[in-house]
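Take this structure, written in structure tokens, and hold onto it; I'll ask about it next.
The values are calculated or read from the model by the stated rules, or taken from the named source; none is laboratory data. The shown structure was predicted, so the numbers you read here are calculated from the model rather than taken from an experiment. All Cβ positions, glycine included, derive from the backbone under ideal geometry; neighbour counts span all protein chains shown.
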């Protein structure tokens, strides 16, 4: 089994596999992620085939189930009263790299950046965003990481209004 970085995964903790981009204290205060306008939103977190630690009750095909509440649909793991993620330390790969996204337009695959994330406009966060972009670019060149993406085509969505950052060569 391979981890997100494309290396053999023996006894490493999932939280050590890919370094986090957004700090939880900032991220969980935001009201943007984890809540969706529709039940089958393309924005809901998609799961890698290797993310088997999420039980069937929390899944909907290749993504996390969304729960209706107060006119919105919340991620299965989002605690609405406490405004926190119940599985934050073991959250899905897609959640770990957000506001970066795996995008596709027809036959073109790329890493994109969601401009709706408030952090993308914060000056204090720009250097961290740039460093993470370079980190993802480096990962995208590793054969194991490429194989993980190729074997999980459902990660790639045609997201509206997402800024293309760099193309992915998946062949």
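Taking the stated definitions as given, is residue 119 closer than 22 Å to residue 33 by Cα and modelled with pLDDT of 90 or more?
no
Considering each residue of the stretch 118-162, count those that are outside any helix (DSSP H, G or I) and surrounded by 14 or more Cβ atoms within 10 Å (Cβ to Cβ), and give that number.
So the answer is 6.
Looking for whichever is farther than 20 Å from residue 159 by Cβ and touching a residue at least 12 places away in the same chain (Cβ under 8 Å) here; the options are 84, 95, 103. Which one fits?
The unique qualifying residue is 84.
Counting just the residues of the stretch 75-100 that are in contact with a strand residue (DSSP E or B) (Cβ under 9 Å, 6 or more places away or on another chain) and surrounded by fewer than 18 Cβ atoms within 10 Å (Cβ to Cβ), which one comes out farthest from residue 54 (Cα to Cα)? Reasoning before the result, please.
Going through the stretch 75-100, the residues in contact with a strand residue (DSSP E or B) (Cβ under 9 Å, 6 or more places away or on another chain) turn out to be 75-80, 84-86, 91-95, 97, 99-100.
Going one step further and asking which of them are surrounded by fewer than 18 Cβ atoms within 10 Å (Cβ to Cβ), we end up with 79-80, 84, 86.
Working: 79: 16, 80: 19, 84: 17, 86: 12 Å.
The selected residue is 80.
What number of residues within the stretch 41-74 are surrounded by fewer than 14 Cβ atoms within 10 Å (Cβ to Cβ) and part of a helix (DSSP H, G or I)?
Final tally of qualifying residues: 2.
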